[in-house]
Amino acid sequence: MRYRSLGGTGIEVSAHCLGTMMFGAVGNPDHEECARIIHAALDQGINFVDTADMYSAGESEEIVGKALKGRRDDVVLATKVHFQMGEGRNRSGNSRRWIVRAVEDSLRRLDTEWIDLYQVHRPDHSTDVEETLSVLGDLVREGKIRAFGCSTFPAEEIVEAHHVAERRALPRFRTEQPPYSILARGIEAGVLPVARRYGMGVLTWSPLASGFLSGRYRLGGPVDLTSGRAALTPARFDPAIPGNVAKLEAVEQLVELADSMGRTLPELAVAFPVAHPAVTSVIIGPRTMEQLESLLKSADLVLDDDVLDRIDEIVPPGTNLYHPDGAWRPPALTDLVQRRRPLGDRAAG
């Protein structure tokens, strides 16, 4: 396993990061098996573990905390804050009020004295980014976190956050965690160049594109829309929708490419983001030990220029064949008021 510097933090992390979203009620409820998966990943050279407070409502953090007993000093531990936790108001977002509470809850569940990388899980347009940067800087000074970053921020909001940090003399985001795969290359146009410009570490998620690059979904094959990810967001998997056909057509060409290399489609998919010069670490999120072992097989795979050129032909650089994050979209797209003038003000004359 190779190691890379996490932005300008001086922290060395493995090129693969173990994601734990599938540990707990929403994925694998067996805590002992999840701990074995974590230990196996560490034994294979992974020293970077990523979780979030909202994964299985905190259960994932509890599993990680128990699994790292006796090995905490050797692990770079990352978690996140933003999404709703429990019932009631002011239990989500990026405000000082919530972050101060949420970090203590995460420290308790993780059973640790510090978090190496604390990430803002999504933008919060009801909170001034200055407020967020200020409280995160305070947490660094208090020793509760070592560094902080953002996740799934558009390029323009990363730039704004850095501008505010410079103008207000506040600590800045040191990392970004965006979705990135062969089928979701949109961040190549803006987010990745911006991250390089600011010297940010980048840890990418969903290299298998929500399972489309796992080999499970094939053109002309059956798709069960009643279970797994397909049941949660059937519109992203229904083969009757033209956009999904485009994904499946790309998958067929990628399977052919992987076969010509003597490798599997998941191996090709996981190796792809590792090859980008702006990417520090690629998050792999297994649910079972078998999945972990399969994903780790890509660690020795070097994609030469011919392979990358062929991938560019199948899915052009900067192209999203699907929206990689179904859980969050900018209000500028979802809020009609931000996209449409009042009816009486829409004419030019």
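Listed peptides 86-96, 43-53 appear in the order 43-53, 86-96 once ranked by packing, highest mean of other Cβ atoms within 10 Å at the front. The lysines within cross-link reach of LYS144, meaning a Cα-to-Cα straight distance under 25 Å and a gap of 8 or more places when in the same chain, are LYS66, LYS69, LYS80.
I'd like the accessible area for ILE11: 1.4 Å probe, protein heavy atoms, all chains in place, Å² to the nearest 10. Rounded to the nearest 10, the figure is 40 Å².
Of the listed values [x] 71, 53, 40; [y] 59, 47, 38; [z] 69, 51, 34, identify the label whose number matches Cα extents along the principal axes in Å calculated from this model. Checking each listed value against the structure points to [x].
For the chain, a crude dipole built from +1 on the beta carbon of Lys and Arg and -1 on the beta carbon of Asp and Glu, taken about the Cα centre, is about 980 debye to the nearest 20. For the stretch 78-228, the fraction of 1.4 Å probe accessible surface lying on carbon and sulfur atoms is 47 percent.
Order the peptides 233-240, 193-200 from the highest to the lowest mean number of other Cβ atoms within 10 Å of their residues.
Highest-to-lowest ranking by the protection proxy: 193-200, 233-240.
Relative contact order of the chain: 17 percent, from C-alpha pairs under 8 Å at least 6 residues apart in sequence. Amide H contacts of GLY19: ASP50, ILE284, GLY285, each under 5 Å away and 5 or more positions distant or on a separate chain (H built 1.01 Å from N in the peptide plane; Pro and chain starts excluded).
Computed with every protein chain present, the accessible area of LYS66 is close to 120 Å² [probe 1.4 Å]. Applied to the stretch 237-244, the Karplus parametrisation 6.51 cos²θ - 1.76 cosθ + 1.60 on θ = phi - 60° returns per-residue 3J(HN,Hα) values of 10, 4, x, 7, 8, x, x, 6 Hz, with x for Gly and Pro. Probing with 1.4 Å while keeping every protein chain in the model, the per residue accessible area of the chain equals 46 Å².
Solvent-accessible surface of protein heavy atoms, probed at 1.4 angstrom with all chains present, puts GLU59, GLU293 in the order GLU293, GLU59, largest first.
The values are calculated or read from the model by the stated rules, or taken from the named source; none is laboratory data. Note that the structure is predicted; figures quoted are calculated from it, not measured. Methodologically, a virtual Cβ is constructed for each residue, glycine included, from the backbone with ideal geometry; neighbour enumeration extends over all protein chains shown. Areas reflect the complete protein model, heavy atoms only, side chains present, ligands, DNA and RNA absent. Shrake-Rupley method; radii C 1.70, N 1.55, O 1.52, S 1.80 Å.
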